């Protein structure tokens, strides 16, 4: 039975939940984290629903919490097969304003939470992935093309995708694969912070070759493919799950 860590579950509409359900359906055992007491009330019933044996606090800006989480994983499982990193954050004022005007503090915080946290998780996961493993993060098309109102998160996600390639190179000798999934727009709590997000979803549904928005289940299936053995020949990639929108954009 594969054992993996899910970081970024916020509620039953989050991308991480679609991934957790798909992984559990394929027999994986999951460790689930919660950021604070407010989010815990939403996440605890979900963790119970998938029988998560590890349910722990994790603010990715807190190194002590991250160390405690991996110590618990080591104690409970002794090893780790995969990590799903599904978190991003930027201060609202910086996210909704022009990139030209974003603050240095806001840019640094967005990079720290959305990008560098992946490196911190990878560093701690590496010694536990004794038989190899897989790490997947979540990106967006705005990393590659300019998307109106995506603003600060465009450069941040571009850095995240570059980090995936470099981590894949560095961790490859340990048989640890690192990939990104780039989903089409989907209504999540994180996405609600983007201005004019409804019009972005309407455009994606109208113009994508499959003429529909991607679903949590479809993203989850792709994550399970990359995190489990079916995707064992893939690393360093950004995989689009967007009903073909990126192919015509």
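Using C-alpha pairs below 8 Å separated by at least 6 residues, the relative contact order for the chain is 21 percent. Each principal axis of the chain carries a Cα extent, and these read 46, 38, 37 Å when sorted largest first. Available extension along the chain between residue 120 and residue 203 is 26.3 nm, counting 0.36 nm per residue and deducting the alpha carbon span. Fully extending the segment from residue 11 to residue 98 would add 28.4 nm, taking 0.36 nm per residue of separation and subtracting the current Cα-Cα distance. Computed from the C-beta positions of residue 76 and residue 158, the FRET efficiency with R₀ = 45 Å rounds to 0.80.
Counting only alpha carbon atoms, the long axis of helix 15-25 and the longest principal axis of the chain meet at about 40°. Between 0 and 90 degrees, the angle of helix 197-207 with respect to the longest Cα principal axis of the chain falls at about 90 degrees.
Provide the gained length on full extension for the span residue 65 to residue 105, in nm with one decimal, where the gain is 0.36 nm per separating residue minus the Cα-Cα distance. Can you show the working numbers first?
Details: separation 40, 0.36 × 40 = 14.40 nm, distance 2.27 nm.
Gain in length upon complete extension: 12.1 nm.
Eigen-decomposition of the gyration tensor built on the alpha-carbon atoms of region 44-180 gives equivalent ellipsoid semi-axes of 29, 18, 13 angstrom, largest listed first. Helix 63-76 and the longest principal axis of the Cα set of the chain meet at an angle near 40°.
Each value in this text was obtained by applying a stated rule to the coordinates, not by laboratory testing. Because the structure is a prediction, the values reported are computed rather than measured. Note: ideal-geometry Cβ built from the backbone for every residue, glycine included; neighbour counts use all protein chains shown.
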